1. Please work out which one of (1) part of a helix (DSSP H, G or I); (2) touching a residue at least 60 places away in the same chain (Cβ under 8 Å) is the condition Val229 fails and give its number.
2. Residues of the stretch 445-499 being free of Cβ contacts under 8 Å to residues at least 40 places away in the same chain, part of a strand (DSSP E or B) and under 20 Å from Ile270 (Cα atoms), which ones?
3. Can you name the residue in the stretch 312-323 that is part of a helix (DSSP H, G or I) and open to solvent by 50 Å² or more (accessible area, probe 1.4 Å) and is also farthest from Lys361 (Cα to Cα) among such residues?
4. Would you point out which residue out of Ser515, Ser509, Ser478 is among the small types (Gly, Ala, Ser), over 25 Å from Met233 (Cα atoms) and either at pLDDT 90 or above or open to solvent by less than 50 Å² (accessible area, probe 1.4 Å) (or both)?
5. Considering the stretch 69-87 alone, what residues qualify as being open to solvent by less than 30 Å² (accessible area, probe 1.4 Å) and within 29 Å of Leu149 (Cα to Cα)?
6. If we scan the stretch 328-345, do we find a residue that is hydrophobic (A, V, I, L, M, F, W, C), within 21 Å of Val269 (Cα to Cα), in a loop (DSSP other than H, G, I, E, B) and open to solvent by 20 Å² or more (accessible area, probe 1.4 Å)?
7. What is the number of the single condition among (1) within 30 Å of Phe92 (Cα to Cα); (2) part of a helix (DSSP H, G or I); (3) in contact (Cβ under 8 Å) with a residue 12 or more places away in the chain that Gln352 does not meet?
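The values are calculated or read from the model by the stated rules, or taken from the named source; none is laboratory data. Since this is a predicted model, take the numbers as computed values, not measurements. Methodologically, a virtual Cβ is constructed for each residue, glycine included, from the backbone with ideal geometry; neighbour enumeration extends over all protein chains shown. Calculation scope for accessible area: heavy atoms of the full protein, side chains included, ligands and nucleic acids excluded. Shrake-Rupley method; radii C 1.70, N 1.55, O 1.52, S 1.80 Å.
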Amino acid sequence: MTAAYSQMRPLSLVKLKNMRRYLLKRYEHRSFISLLIGLYSCRWKRYHYTEPGYCGYKWLESVFFILLLVTFFVALVFMYFWVQFKNDYHDFDWFSFNSQGNWFLWSLLILVVVILVVTYIVILVVLALCLLSEGQQLHLHWIHKGVILVALISFIAGLIALSSLWGNEWTTVRMSFQITAPYLHVGFLAVMTVLAWPVALYFARIKWKVYQVLIIGLYIALLLVLYFVPLGMYSPCITVNGTNLSKPSLIANRGSPKHGPENTYMSFVIAINNGAHGLQTTIRISNDGVPFLLNDNDLKRTTNVKDVFPERTDNDTESFSWAELATLNAGSWFMQKPPFSDMKSLSPEEQQMAENQTICKLADFLELASKENKMVIFDSDAPENAVLEVIKNSGIDKNRIFWLTNHMGGYSDYQKTYSGKASIEDLVRNNVVKVNLPYSEMSQRDISDYYAHNITTNLYVISEPWLFSLAWCSGAHSVTTDNIPLLMNMTAPMFLMTPTEYNLMWTLSDIVSLSLIILIFVLHWWRERGFACLPRSELYNPFNLNTATTISEPTYSRQLPISLISSPNGEN
């Protein structure tokens, strides 16, 4: 017995060490699950493990899990909408100013809040999926439930409000897919491939066939949509003639409003120095007949009229004489209330120059454009004769004047620019040479048809690189922009690729994703069910111990050996 005991002792120590390592690993895994439960349910002191595949969830928890997924989807839609809306943040802040009377960058604040809330919801979704993959019941804490309900209601209300106020922004979202869809496709495939791990694990462990069919059916349906959705994708930037695309000319919208106070002499000079091909502005007239530049109907946003004429703050611009307008400061507001969230800081000299700007007269504007040989696009509510007289006295080449109009007649001595869409027959019959369209009405076919009849297209207002890339690929002749330096530095459209490159990208992504998903499902089925080449008993007894008695650990469907030492004859 002594000899036999001494021979078995080394083997017993090995088994004890292996078992200690195994139990420590299981304990550490339990700690990981405890952390997940604590974060998701705020149950840090007591937690309950569940048999994997057990679906006895409380109906309320199931409802909130579905609400969590719905909130996650709605939040992503809202965030994508708001990110694509960035090109028009200034319009949103301007609308808020007209409603509230105070200038504030609400667009930036909403963006930050949305990103934080979406991050919070994504963390909850990841925690829920991890707990489900471990076969645990979901017990969402009441604080999380409250936040989810508030977030869901807020996002839905936000989408409804934005749709009613800026319904054309959905057109912008659809347009963005023409640029981002190939890359979103790859991103969603990556997400679905990662989700294959918990889906396959839970599918293999679940006991009820109905739930198995629901899980795998929904997952496969989403995969099939992703695999074949590229068949319906279209983008003008997927072309074989990418190198032959002409870059649109850049028209400075009110000058360079991110680098100087809009519609001031300083702003137009900066735009010219940054390479602008043309200048765009709006003309108004004083009550004594002097044309000047201003975009708003009143003076309170871009001047200090509240300080100089406090009783006339809300009056129309046309109610002021030029002598009164000349006393107003048109630049100090730019330093006190920046109109854009992504403005670069100005040098001390530029700051001083901005703070001393006054309202710009049309005569000074045209003199600058003539001197620098720049084209001019403007619309005007001023009397035609007053504007024509200033244009004539400025000496600017009339072929460089593009006078916006929403009717076909008038301004026959200048380059007729029609504001809006019209039939080619009407445009040709009235000698219109350019159409000015909001970017949301961008159409590669319309642009091509207009160009075939010597009618060029200008799109406004485009300041984001992706939107400019789309206009570039669509063949637009020029764009009106708030960001001359950024677009000037672009040497090629973003996301430009040939059909061959796109098909290769699509096919390889689908093949790699499908291969990894099949591998993950096979691996989990192998581990949970066992194949003939790897029997279940060996799979769940990693140390290949000869056990006489086992204790069930329902949390993981594993069997842990009790008898650590046994002789071939069953003796201890």
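1. Exception for Val229: condition (2).
2. Within the stretch 445-499, none qualify.
3. Here is the first cut: in the stretch 312-323, the ones part of a helix (DSSP H, G or I) are 312, 317-319, 322-323.
Filter again for open to solvent by 50 Å² or more (accessible area, probe 1.4 Å), leaving 318, 323.
Details: Glu318: 14, Ala323: 12 Å.
The selected residue is Glu318.
4. On the way: Ser515 fails: over 25 Å from Met233 (Cα atoms); Ser509 fails: over 25 Å from Met233 (Cα atoms).
Ser478 is the lone residue from the list that is among the small types (Gly, Ala, Ser), over 25 Å from Met233 (Cα atoms) and either at pLDDT 90 or above or open to solvent by less than 50 Å² (accessible area, probe 1.4 Å) (or both).
5. Residues of the stretch 69-87 open to solvent by less than 30 Å² (accessible area, probe 1.4 Å): 71, 74-75, 78, 81-82, 84-85, 87.
Those that are open to solvent by less than 30 Å² (accessible area, probe 1.4 Å) and within 29 Å of Leu149 (Cα to Cα): Thr71, Val74, Ala75, Phe78, Phe81, Trp82, Gln84, Phe85.
6. So in the stretch 328-345, the residues hydrophobic (A, V, I, L, M, F, W, C) come out as 328, 330, 333-335, 340, 343.
Filter once more, so that each one left must be within 21 Å of Val269 (Cα to Cα): 328, 330, 333-335, 340, 343.
With in a loop (DSSP other than H, G, I, E, B) added as a condition, the list becomes 328, 330, 340, 343.
After this cut, where a residue has to be open to solvent by 20 Å² or more (accessible area, probe 1.4 Å) as well, the list is 340, 343.
Within the stretch 328-345 (the criterion being hydrophobic (A, V, I, L, M, F, W, C), within 21 Å of Val269 (Cα to Cα), in a loop (DSSP other than H, G, I, E, B) and open to solvent by 20 Å² or more (accessible area, probe 1.4 Å)), the answer is yes, since at least one residue qualifies.
7. Against the list (1) within 30 Å of Phe92 (Cα to Cα); (2) part of a helix (DSSP H, G or I); (3) in contact (Cβ under 8 Å) with a residue 12 or more places away in the chain, Gln352 comes up short only on (3).
Table: residues versus (1) open to solvent by less than 30 Å² (accessible area, probe 1.4 Å); (2) modelled with pLDDT of 95 or more; (3) closer than 30 Å to Trp44 by Cα.
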site	(1), (2), (3)
Val125	yes, no, yes
Ser133	yes, no, yes
Leu138	yes, no, yes
His141	no, no, yes
Leu152	yes, yes, yes
Phe155	yes, yes, no
Ala161	no, no, no
Trp166	no, no, no
Glu169	yes, no, no
